[in-house]
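The values are calculated or read from the model by the stated rules, or taken from the named source; none is laboratory data. The structure displayed is predicted, hence computed values, not measured ones. Positions of Cβ are backbone-derived with ideal geometry, glycine not excepted, and every protein chain shown enters the neighbour counts. Only protein heavy atoms, including side chains, enter the accessible area calculation; ligands, DNA and RNA are left aside. Shrake-Rupley method; radii C 1.70, N 1.55, O 1.52, S 1.80 Å.
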Amino acid sequence: MSSREYSVPKAATDVKPPDVICHMRELVSLLMFLYSLNSFSQDLIDVALRNKSVLILNEAYIIPNSQINYLELDSIDKSIIEEFKLQANEQKASNWNESDFKDRILIKNKERINVDKVLTLSPNLTDRQKKDLRKAIKIYNSTDDEWRTFPLQISKPLYSKQRDYAVIGFIDGNSGGTINLFHLENGEWKSIGGTRWAY
């Protein structure tokens with residue numbers, strides 16, 4: 001190599017232009033934002049499904065606007081109820097995915113239920129409860145006319161503008177359902193009320 005020739009240090013070739021660095025930072029920020037939205041929603045779903053059936057219909061429940069009226073609670077501003085009503089009018093038919101839930105079984109309407117799979121996700125049941133569950137699922141698999149509290153149909157959450165209140169609706173098999181109100185307190189969703197309805 002002549003005295004006029006020189007080599008560029010490898011580290012120097014790895015330095016990215018400012019516009020590339022800015023783009024990468026924006027991409028990372030976007031990914032983190034999307035992750036936080038998913039985690040935000042997932043935490044609410046986890047709280048809403050506590051002590052509820054592990055069997056969930058893949059078709060999301062659409063909350064009727066009229067049922068929002070049942071949430072006329074003194075604990076929240078009336079304007080938030082109106083926000084929920086507007087969102088209820090904008091709901092569209094949609095389906096849930098397996099990835100939307102933890103330790104739940106997603107089934108299609110009138111699909112036969114695998115009782116062994118259900119028992120795998122219900123390890124704390126007593127022998128009597130397991131027997132009753134097997135009987136209930138056997139009846140479900142053979143007819144749609146019997147009274148039952150599963151599979152659970154759950155709505156997509158409706159959020160207030162500030163995203164600190166949310167409403168989720170449920171249908172418990174063919175035995176009615178509930179409309180539940182949740183509040184985000186210190187980073188955690190808590191159930192603060194609701195109402196039950198029957199067919």
Item to check | Distance violations [Cα-Cα > 30 Å] among Lys92/Lys130; Lys52/Lys92; Lys52/Lys161; Lys78/Lys110 | outcome: Lys92/Lys130; Lys78/Lys110
Next on the checklist: Could you sort Trp189, Trp197 by their accessible area in this structure, using a 1.4 Å probe and putting the largest first?
Outcome noted: Trp197, Trp189
Checklist entry - In terms of modelled amide H atoms, which long-range or inter-chain residues lie less than 5 Å from the amide H of Leu57? => result Ile107, Leu152, Gln153, Ile154
Checklist outcome for this item: Taking 119-129, 105-115 and ranking on average Cβ neighbours within 10 Å, highest first, one gets 105-115, 119-129
Checklist outcome for this item: Sorting Ile154, Asn95, Ile137 by the position of each Cα along the dipole of the range 68-168 (Lys, Arg +1; Asp, Glu -1; all at Cβ), the one nearest the positive end of that ordering is Ile137
Item to check | Rounded to whole Hz, the Karplus (6.51, -1.76, 1.60) HN-Hα couplings of the range 48-65, x for glycine and proline | outcome: 5, 8, 4, 6, 10, 4, 7, 9, 10, 6, 6, 7, 5, 6, 9, 6, x, 3
Item to check | Under-5 Å amide H pairs with Lys52, H placed in peptide plane, nonlocal only | outcome: none
Next on the checklist: Quick query: amide H of Ile192 versus all other amide H atoms, modeled in the peptide plane; which residues come in under 5 Å with a sequence gap of 5 or more or a different chain?
Outcome noted: Leu181, Phe182, His183
Item to check | Neighbour net charge for Glu188 - beta-carbon separation under 15 angstrom, K R +1, D E -1 | outcome: -1
Checklist entry - To the nearest 20 debye, what is the magnitude of the charge dipole of the range 65-199 about its Cα centre, counting +1 on the Cβ of each Lys and Arg and -1 on the Cβ of each Asp and Glu? => result 620
Checklist entry - Do any GluC sites (Glu not before Pro) in the range 57-88 lie in a DSSP loop with no more than 14 other beta carbon atoms within 10 Å, and if so, which? => result Glu72
